[in-house]
Amino acid sequence: MIRYLAAGVALLLSTAAVAFTLDAPVEQGRLVRGQTAPGAQILLDGKPLPVSAAGAFVFGLARDAKGSITLSENGVATVLPIAAKVWDIQKIDGLPPAKVNPDPEGMKRIQAEAAQLKTVRALVSDLTGFAEAFQWPAEGRISGIYGSQRILNGEPRAPHLGLDIAGPTGTPIRAPASGKIVLAEPDLFFTGRTLILDHGHGVASIFAHLSASSVTVGQAIQAGQEIGRVGATGRVTGPHLHWGVYWGSVTVDPRPLLPSQDPTPLP
């Protein structure tokens, strides 16, 4: 039986002879965490997924993922269709023109930083923070959501792949789950002061536009620990935290990982 848990209710998806459970539906933009028997082998589309000593595993589906996936447990394969979602459109005006259409020097910097981020995102550790109950990383007003098609200064651009929480500069940012700091950069072109927190098995959080950070690369972090402060560095129109969650090269929606209530709104 394949099940996913939603609001604490187990829902039947298939009658295949498997024992794993999934905590979320298989749909676009979703991080799906699974549970199997310790020592079991799990394959996603023929490729092995790390399984923790407690039987936890995880995978992510891109915003525009289509078709289906095949999950195999100890050789028993099950095909699961990927549900589609409808994404919002968000218009943002008032950005510095050089941040929307960078000059050649800016493009060189962007490409170098993208290569650096790609290397960090390829890390796969045996940490298990990904399996924890995530908590809000900051208090404030939600000002941007995952998946929305962005129109910047009137020009269509790539979709927004994170959750924006607006609040005054200096608002504390706390780790949504435990992990280890794997990147701490003071000034990236788009994201300004930026941190990446590895949660294990390819899952990590990125925190952007910070005014300050209080951690270093290699530092172990507990859930709820302060790691930085909200700011307005990089490409922004005002102070906010951009929080992204990714699984390797796949960026997923952070919102379904969080408690149902919104964070405490601040001015």
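Bear in mind these aren't lab numbers, they're just calculated from the coordinates by the rules spelled out. Since this is a predicted model, take the numbers as computed values, not measurements. Neighbour counts are summed over all protein chains in view; Cβ atoms, including those assigned to glycine, are modelled from backbone coordinates with ideal geometry.
For this structure, a couple of remarks:
- Under 5 Å between amide hydrogens, built in the peptide plane, is the criterion, and for G144 it picks out D164 among residues at least 5 positions away or on other chains.
- Only one residue of A175, S205, F190 has its Cα farthest out toward the positive end of the dipole of the stretch 165-233, where Lys and Arg carry +1 and Asp and Glu -1 on Cβ, and that residue is A175.
- Close amide H pairs (under 5 Å, H built 1.01 Å from N) link V124 with no residue at least 5 positions away or on another chain.
- Per-residue 3J(HN,Hα) values for the stretch 169-176, derived from phi via the Karplus relation 6.51 cos²θ - 1.76 cosθ + 1.60 with θ = phi - 60°, read 3, x, 4, x, 10, 10, 4, x Hz in sequence order (x marks Gly and Pro).
- Phi-derived couplings, Karplus 6.51 cos²θ - 1.76 cosθ + 1.60 at θ = phi - 60°, listed residue by residue for the stretch 248-263: x, 7, 9, 9, 10, 7, x, 4, x, 7, 9, x, 5, 6, 6, x Hz, with x used for Gly and Pro.
- Cβ-placed point charges (K, R +1; D, E -1), dipole of the stretch 148-267 about Cα centre in debye, nearest 20: 40 debye
- Cα-Cα pairs of the stretch 199-267 separated by more than 16 Å (percent): 60 percent
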